[in-house]
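A short reminder: the numbers here are calculations on the coordinates, not readings from a lab. Since we're looking at a predicted model, the values are computed, not measured. Note that we place each Cβ from the backbone using ideal geometry, even for glycine, and neighbour counts take in every protein chain shown.
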Amino acid sequence: MDSNVRPETMERITTKEMADAFIDEQVKAVREQVGDKKVLLALSGGVDSSVVAALLIRAIGKQLVCVHVNHGLMRKGESENVIEVFKKGLDANLIYVDATDRFLNLLAGVSDPEKKRKIIGKEFIEVFADEARKLEGVSFLAQGTIYPDILESIKQAEGKQAVKSHHNVGGLPEDLQFELVEPLKLLFKDEVRVVGEALGLSHQMVYRQPFPGPGLGVRCLGAITRDRLEALREADAILREEFDKNGLAEKVWQYFIVVPDMKSVGVKDDSRYEGWPAIIRVVNTKDAMTATIEEIPYAILHHITARITSEVKGINRVLMDLTPKPTGTIEWE
Ligand code: XMP
């Protein structure tokens with residue numbers, strides 16, 4: 001039987017009991033697969049890699065080496081949270097790599113969205129490979145592959161064209177060929193979340209909104225500059241905080257800020273104040289192939305606007321993107 005095909009008899013995991021049974025089964029399978037060898041994992045802090053990390057920590061403890069690469073395009077507090085949850089909370093064997101300068105130097109002056117994506121994807125692999133080469137005794141690479149990824153690669157193998165080049169870890173250099181450990185590869189996203197909670201990860205972490213691999217890099221439109229990236233990060237943090245506070249985080253699929261590479265004239269403290277606009281994007285979708293726009297109460301939008309324009313350096317306007325997908329993709333780049 002092809003191990004990449006979900007058996008028709010496999011029941012959807014919906015309860016803690018079912019998740020516990022799945023976890024027991026996978027813990028056993030992973031222990032059998034890896035023996036006393038080390039396993040490497042790129043831990044971004046996203047749902048899939050976090051659940052894999054928690055599962056493998058349960059199965060093999062310190063034999064799992066997690067590498068968290070901060071590409072400088074993370075949201076506010078995100079890398080700190082990964083360290084908090086996995087290093088402090090779960091006592092993980094975690095290597096933190098601050099590669100901000102490597103990424104931002106390579107991206108300086110690059111405005112083409114696909115070039116940006118390719119640079120980020122390639123550099124991510126290089127930074128990760130550099131860390132992998134420093135380690136000894138690693139024989140396995142764990143990945144947070146889930147069933148939709150497998151279905152997607154089957155589609156791509158059939159020659160269907162993708163709109164954007166997504167990146168996930170894979171395609172490591174020739175000298176680093178590991179056997180794969182992919183304990184979630186037959187699960188759908190909702191099942192991964194149930195398993196994550198059964199493993200003790202917080203509801204907030206397991207139900208967090210998706211975040212693209214290239215991170216804020218595809219939301220800081222055009223050529224990224226450090227000041228505009230910082231403004232985006234701060235504005236996004238305010239939006240997230242207000243959505244959490246107002247119970248909107250669980251009602252929408254994705255909500256974030258985009259900052260284009262353009263300025264307009266504004267006024268602050270009686271003086272001319274040129275700044276970037278912060279664009280709010282809030283979408284709902286089932287599968288990210290199409291998306292609709294969610295209505296957000298005006299009072300909340302006014303409050304977010306007031307906070308962003310007063311608290312974030314360099315932003316003088318707040319706009320709202322009302323475009324469904326199609327025609328707009330969810331991310332702007
Ligand atoms: P688009 O912009 O194509 O986005 O409508 C659809 C969904 O995919 C997310 N996205 C990514 N996820 N790597 C990822 O893992 C990527 O490179 C990437 N680009 C977009 C996007 O946030 C949305 O949820």
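Worth a mention:
- The length gained by stretching the chain between THR292 and SER153 to full extension, at 0.36 nm per residue less their Cα-Cα distance, is 47.5 nm.
- Among beta bridges from DSSP that stay inside region 219-321, the antiparallel ones total about 60%.
- The separation of region 68-85 from region 199-259, counted between C-alpha centres, amounts to 12 Å.
- The simple Förster model, with R0 at 41 Å and r as the Cβ-Cβ distance, assigns GLU17 and GLU241 a FRET efficiency of 0.70.
- In this structure, the pairs whose alpha-carbon distance is over 23 Å, taken from LYS118/LYS185; LYS122/LYS263; LYS16/LYS87; LYS76/LYS313, are LYS118/LYS185; LYS122/LYS263; LYS16/LYS87.
- Calculated FRET value between LYS313 and GLN161, using beta carbons and R₀ = 41 Å, to 0.05: 0.50
- For region 191-265, the list of GluC sites (Glu not before Pro) that fall in a loop by DSSP and count at most 16 other C-beta atoms within 10 angstrom reads GLU250.
- Rounded if a/c under 1.5, otherwise prolate or oblate - region 5-52, Cα gyration tensor axes: oblate
- Of all DSSP beta bridges in the chain, antiparallel share, percent nearest 5: 30
- Evaluated over the Cα positions of the chain, the convex hull gives a direction-averaged projected area, one quarter of its surface, of 18.3 nm².
- Extension gain for GLU84-VAL267 works out to 61.8 nm (0.36 nm per residue, less the C-alpha to C-alpha distance).
- When shorter helices are ignored and each DSSP H run of at least 4 residues is given -39500 (n - 2.57), the per-residue value for the chain at 222 nm works out to -12000 deg cm²/dmol.
- For the chain, averaging the sequence separation of C-alpha pairs within contact (under 8 Å, six or more residues apart) and dividing by the residue count gives a relative contact order of 17 percent.
- Square roots of five times the Cα gyration tensor eigenvalues for region 16-206, Å: 26, 20, 18
- Label-reachable residues, region 150-164, where backbone N falls under 12 Å from a point 7 Å from ARG6's Cα toward its Cβ: 150-152
- Cβ-Cβ FRET estimate between SER139 and THR323, R0 fixed at 41 Å, reported to 0.05: 0.30
- Listed by chain and number, the aspartates and glutamates whose alpha-carbon sits under 15 Å from that of LYS189, ignoring those within fewer than 8 places in the same chain, are GLU11, ASP48, ASP149, GLU152, GLU197, ASP287.
- Over region 219-321, the fraction of Cα-Cα pairs per 10 Å bin, rounded to whole percents and listed from the shortest bin up, is 15, 46, 30, 8, 1.
- Loop-located trypsin sites (Lys or Arg not before Pro) in region 283-313, at most 10 other Cβ atoms within 10 Å (DSSP): LYS286, LYS313
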